[in-house]
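What follows is one structure encoded as structure tokens, with my remarks underneath.
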């Protein structure tokens, strides 16, 4: 049993994490590898669906400046109590699925996670497009670019830092919240936190928490890398030599527009 | 140029999602016993505790093919059993959903599950003779069938636990007012499930009628939360189950018969707490299957699960 000071506990958590038996599946226990994959799976499905909804919607709202009330409405979703909604949806949905399937539990979980992921993606996409300097879009139109070209060649690249930061905060939230999948009989890293508490196996509980944190940090680093690769250097102001740097991001964007148009 | 990178990133994300979705669970049935083809559902602690999976293996040679963590005898377990996501489940004997869904309780001839008699656990300083007499009178009248009937009222018929408690005390002739507990200030607590709340209300109402000054702290949570509260005196009285509290206080306890459990409990209790007489009423774990499963495999007792298919 977990007795002793914090140092002893850290050691126990470390040995729980490094015990190969905890990474493998047995008839009784599902190992870390499987639960990690399940956790990634829940998170990716939720982020994929949320992006498919929120990205086009945010671009549309930002570009046309119509329907901004949707952004405010989506932000209200952030106040939803996730566990309460999950239990409610499970009670409503799960009794419709018979036999050896967990789809009756996956659907409620994904709905909760998607609702959680939409607000940051939507509001950041909208804000990103909305705050592109009018001088830049005017210049693009002045050169004869059409609405669609302005959106995808000018507004989208210029707002990419904000869009990606929305995606990053959505990813963090989804990975952290996907732990609630273990409230309904699903896997994921939340299983260790929940089971550890019930079994009074605190190294397991903390180990699960450490794994969730590690996954969230890794995902954030990957997205930071994506951001570094995709965002135009004219926007980020990141140039090989300092002497080349333009006066500001807007000029950089204009330079880019000129280059692409020409 | 940028579009290509973006499109590539999107395609990679999509591919990753699809591969992740593809990794579905595979069916693992081996061993050849009935249990080895079953998925068992229950709380996480049932996997590790002595009378849980290890006890079933030791007493009956039963080992299940897979274990799905559901909840502690709650709606998730009941739904999963009903819908066939699991084949056998750990539920509680007084659970009204067993009867309403036609579930079959498998008998436990080798007493794998410890006795779970209801009994009051109380702060030594607050257990005056009057309080003891009042609570012991309740325990003398409380049996499993009676408690089950009260649970139908609370859970299925959604009646107010306090009203059900009062009505039961009146039925049993335990509602006489008096002053045998006057001057005692008690905080009565309960765990966060309906039966425990009901029992706490029964204790509280009876003591109130005897002049005690009662404060209620219902739905405190699990033992991790309320046992410390009992130790530090912020809660004085709780309804408990002798087997579970013994297991919580002493994980190595082996007693299963009611009297043995009661005796072992005396030694395991923290110094400021005592338990009073235990009731005949038990709310113990039970291995439960659906009626169809019981008929299909001819299951009556837990031992039948170890038979060859």
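The values are calculated or read from the model by the stated rules, or taken from the named source; none is laboratory data. What you see is a predicted model; the values in this text were computed from it and never measured. Methodologically, a virtual Cβ is constructed for each residue, glycine included, from the backbone with ideal geometry; neighbour enumeration extends over all protein chains shown.
Summary of values
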item: 1 or more residues modelled with pLDDT of 90 or more: qualifying helices (runs of 4 or more DSSP H) within the range A:188-262; result: A:190-198, A:202-230
item: Number of positions in the range B:135-157 that are farther than 12 Å from residue B:202 by Cα, modelled with pLDDT of 90 or more and in contact with a strand residue (DSSP E or B) (Cβ under 7 Å, 6 or more places away or on another chain); result: 0
item: Residue under evaluation residue B:53, criteria (1) more than 15 Å from the chain's Cα centre (by Cα); (2) surrounded by fewer than 19 Cβ atoms within 10 Å (Cβ to Cβ); (3) within 8 Å of another protein chain (Cβ to nearest Cβ), criterion not met; result: (2)
item: Residue check, residue B:58 within 18 Å of residue B:193 (Cβ to Cβ) and either at pLDDT 85 or above or not in a helix (DSSP H, G or I) (or both); result: no
item: Filter result for residue B:106 (buried (at least 24 other Cβ atoms within 10 Å of the Cβ), more than 7 Å from chain A (Cβ to nearest Cβ) and modelled with pLDDT of 90 or more); result: no
item: Helices (runs of 4 or more DSSP H) contained in the range B:191-309 and holding at least 2 residues closer than 24 Å to residue B:142 by Cα and in contact with a strand residue (DSSP E or B) (Cβ under 8 Å, 6 or more places away or on another chain); result: B:194-209, B:223-232, B:242-249, B:258-268
item: Leading residue by the ranking (nearest to residue A:189 (Cα to Cα)) among those in the range A:30-50 that are free of Cβ contacts under 8 Å to residues at least 24 places away in the same chain and either at the interface with chain B (Cβ under 8 Å from one of its Cβ atoms) or buried (at least 18 other Cβ atoms within 10 Å of the Cβ) (or both); result: A:37
item: Residue within the range A:128-141 that is surrounded by fewer than 20 Cβ atoms within 10 Å (Cβ to Cβ) and within 14 Å of another protein chain (Cβ to nearest Cβ) present; result: no
item: Total residues in the range A:181-200, condition touching a residue at least 40 places away in the same chain (Cβ under 8 Å) and either at the interface with chain B (Cβ under 7 Å from one of its Cβ atoms) or within 18 Å of residue B:41 (Cα to Cα) (or both); result: 10
item: All positions within the range B:56-73 that are more than 7 Å from chain A (Cβ to nearest Cβ) and under 21 Å from residue A:190 (Cβ atoms); result: B:71, B:72, B:73
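This table checks each residue for (1) touching a residue at least 24 places away in the same chain (Cβ under 8 Å); (2) within 14 Å of chain B (Cβ to nearest Cβ).
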{"site": "A:116", "(1), (2)": "yes, no"}
{"site": "A:121", "(1), (2)": "yes, yes"}
{"site": "A:146", "(1), (2)": "no, no"}
{"site": "A:152", "(1), (2)": "no, yes"}
{"site": "A:159", "(1), (2)": "yes, yes"}
{"site": "A:163", "(1), (2)": "yes, yes"}
{"site": "A:168", "(1), (2)": "yes, yes"}
{"site": "A:175", "(1), (2)": "yes, yes"}
